[in-house]
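First up is the structure itself, then whatever we jot down about it.
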Amino acid sequence: MKTIATHTLGCKLNFAETSDLMRRFNEAGWHSVDFGDKADLYVINTCTVTAIAEKKCRNAIRQAVATNPDAIVAVIGCFAQNDAAAIKKIDGVDIILGNDQKHNLLQHVEQLTKGYTKNDALTAAPAEPTSFHLSYSHADRTRTFFKVQDGCDYFCSYCAIPFARGRSRSATVAETVAMARRIAASGAKEVVLTGINTGTFGKSHNETFFDLIRALDEVDGIERYRISSIEPNLVTDDIINFVASSRHFLPHFHIPLQAGSDKVLKLMHRRYDTAFYAALLNKIKAAMPDACIAADIMAGFNGETDTEFDKVMAFVDSIPISYLHVFTFSERPNTAALKMDQRIDIHHRREHSRQLHELSLQKKREFYLQQQGKTRPVLWESDRKNDFMFGFTDNYIRVRRPYNPALINTITDYRLTHFVEDEEVFENADSAQ
């Protein structure tokens, strides 16, 4: 029996793509094993957002080679796209595929296993990605990550993703809805829409992201949709009003901020300022007072002096953000940020990151406590810990109750009566609920 092990780094999009690849390999007779086990094929789906992500990729390659020196090792994805030459120098790598070819990994592996001869074409510098492949994750019974868009045309000054993923592209609304019906048939109750710049869906087909979400809302069998990330300038009034009245789209937004300083936002080449961002969040909260709003934010970008960082902290504290995803700025090859002055030393970057993490915890606790005493619908998951099962409300509050396998992948109303602060989870004092 042929065995395959995968290791995925980075975003939800990568996890959806890895899952799609695994499904193809399983259908072709390959058996999945854990990455730490001995396998015939190791697949590392890479990220290039930070230098740390690239370091983790190198470590994963070395781990695979050490576990089974005779295995085929395939490195795919964004780091493979942007720096195939660096990966090629690591002993034991047999296949390097960028984002345009990684979907053909099964064919390349099958060719390689017929006599197992090395092929320089499989480790050549990848071409710019231009194709698009719908994909979705399938490991979790309750939640699916659904890739509906790829690529980005924005070229923010800190970001290497447009070089790794290519320009914005997607399938049509009709093709995407057809895939959503397949997801519905799998039994998953919740779908998370993922992409690199999700809000630009459909631009090459004269369609819009708003067209897509209206069509998806009509698909039978899917109870809940979340929009994983959407740029602030692409969150239209139509989208806000639709989600507020939708049958299935949840009051949960992930809207990247990246910086809370107008000076830094301008240096980042972002397409909004703090006033626009604050007005957008207030508009969402006016339509959906209980909405959860998350944001990405970067610590220590060029120009973020202590004076500017004070503005960042004050701004984030003033807006109805529910929690933050904090990233420490990491210089990326080929980006405009490398040519800029006003660099921030690594110690200040880390200190800014630490303070933002603390503020995020504060904002999250405030949001959770605002929900105390309310009753929200919860989708129960299969995870079990200390005789508890867990789930998330429609507005993304984590809850727990005594384990009951009959509730897995069901949605029930749940009253948020007791906040367990050290575990950041709500529970109900009535264990019979």
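Some values worked out for this structure:
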| item | result |
| --- | --- |
| Relative pair counts by distance (%), Cα atoms of the stretch 115-247, 5 Å bins | 2, 10, 18, 21, 17, 13, 9, 5, 3, 2, 1, 0 |
| Gaussian network model of the chain, Cα within-10 Å springs - most flexible of F388, F209, F146 | F388 |
| Relative contact order %, the stretch 3-123, counting alpha carbon pairs below 8 Å whose residues are six or more apart | 23 |
| Anchor K385: aspartates and glutamates whose Cα lies under 18 Å away (excluding residues fewer than 8 positions away in-chain) | D140, E421, D422, E423, E424, E427 |
| Label point distance in nm, R181-A28, each placed 7 Å from Cα along Cα→Cβ | 2.8 |
| Distribution of pairwise C-alpha distances over the stretch 3-123, 10 Å bins, in % | 14, 52, 32, 2 |
| Difference of contour (0.36 nm per residue) and Cα-Cα distance, D37 to A278 | 81.9 nm |
| Segment L338-I52, extension gain: residue separation times 0.36 nm, minus the distance between their alpha carbons | 101.2 nm |
| Rg ratio (alpha-carbon, reference 2.2 N^0.38 Å) - the stretch 135-364 | 1.05 |
| Cα-Cα pairs of the stretch 25-86 separated by more than 16 Å (percent) | 47 |
| Cα pair distances in the stretch 375-427, grouped into 10 Å bins until the bin that holds the longest one, percent each | 28, 61, 11 |
| Net charge, K102 excluded, C-beta distance under 12 Å - Lys, Arg +1, Asp, Glu -1 | -2 |
| E110-N59 FRET efficiency (beta carbon distance; Förster radius 22 Å; 0.05 resolution) | 0.20 |
| Surface/4 estimate of mean projected area, convex hull on alpha-carbon atoms of the chain, nm² | 21.2 |
| Isotropic mean projected area of the C-alpha convex hull, the stretch 329-427 (nm²) | 9.5 |
| Restraint check, K88/K203; K56/K203; K2/K189; K266/K363; K283/K311, Cα-Cα greater than 28 Å | K88/K203; K56/K203; K2/K189 |
| Calculated SAXS-style log₁₀ I(q)/I(0) at q = 0.20 Å⁻¹ - the stretch 260-376, Debye, Cα scatterers | -1.11 |
| Label-to-label distance, nm, for residues given as E423 and D237 (7 Å Cα→Cβ offset) | 4.5 |
| Long-range tail of P(r) for the stretch 186-236 (Cα pairs > 15 Å, %) | 49 |
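None of the figures in this text is laboratory data; all of them are computed from the coordinates on show. Quantities reported herein were computed from a predicted structural model and do not represent experimental measurements. When we count neighbours, we look across all protein chains shown, and the Cβ atoms used for this are built from the backbone with ideal geometry, even at glycine.
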